[in-house]
1. So, in nm, how far is label T233 from label R156 when the simple model puts each one 7 Å beyond its Cα toward the Cβ?
2. Could you compute the net charge surrounding L253? Neighbours are other residues with a C-beta less than 13 Å from the C-beta of L253; K and R count +1, D and E count -1.
3. Filter the cross-link list K10/K44; K44/K91; K44/K266; K10/K266 down to pairs whose alpha-carbon distance in this structure exceeds 27 Å.
4. Where the centroid of each part is defined by its Cα atoms, how far is segment 9-35 from segment 134-148 in Å?
5. Taking R0 as 35 Å, what's the FRET efficiency between F269 and Q40 from their Cβ-Cβ distance, rounded to 0.05?
6. Using 0.36 nm per residue, how much length does the chain from A118 to D18 gain when fully extended, once their Cα-Cα distance is taken away?
Amino acid sequence: MSAHGKISAKELAAVVHDVRQMLAVITGRAGLLRRGAPDQNTEKNLAAMEVAATQAGAILSRLLSASSEKSSGSTDIFGALHQSAALMQPKPGTAWQVDDVDQGLAKGHWFLGGNISAGCLTSVPPSIVLEVLNNLLLNALGVMPDGGTLQADLTRVQDQWVLRLQDSGPGIAPEQTEKIFEMGFSSSGDSQRGIGLASCRDLLAPFGAVLQLGKSDQPGACFELLLPHTSETPHVPSPEKVEDGDSYRPAVLVVDDDQAVREMLKDVFS
């Protein structure tokens, strides 16, 4: 720590490195457990752990670089929404019920539905889209504590996607509509929590994306995400072809100064 009690850039880098090492262990071990998951529910929970740890690592990277502009990659909007739903579970032991929005008035149940299909890509990086969706879903759950619906609709307008998220909560009071995107504002009265929507706008801005209030005749709050369209799919390298009968097995030397990381990598590669 510096003489003024503030953490230096070097100290911050060291903390970020150490935390990311542990997150790598979590994702690696969760991946190994998923291979032998005894049931679908356990596999889904392990998958959510992997996504959460990966997202935490992306947030740390952004904190270290102090700029979201260094993030890159395209995002499948459908996949990001369902990843967020897996992370932002309503209550322990519960989950969003997908595509059953007609039953959305059932007490104690949360329904997620809409007209989004896989393959709708935006140029906004996955870590950014997921963090914004996490905030929006968490806010929706906050105003639907006993159950409700979240309707997600996606349309394309010229070169951008318009993702509308409509919840069945009480809605936003007219006097608050001009304040909800202000840093520090919170309808709950807790100023420590009122950073989500303002931060979301800041995260999206470098990529030409926008978060705004939507207009709707339905009860509840409606938010719109305006995301640039792209047709460029993420590059995934093809594995090298191995001829039939080829007994070659590569030898991998694992070098890391953290024993937990070394052992995780050894098990993963094995």
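Each reported figure results from applying straightforward, stated rules to the coordinates on display, with no laboratory input. Here the structure is a predicted model, which is why all the values come from computation and not from measurement. Glycine also receives a Cβ, built like all others from the backbone with ideal geometry; neighbour counts cover every protein chain displayed.
1. 1.5 nm
2. +1
3. K10/K44; K10/K266
4. 29 Å
5. Efficiency computed from Cβ-Cβ geometry: 0.85.
6. Extra length from A118 to D18 when fully extended: 32.5 nm.
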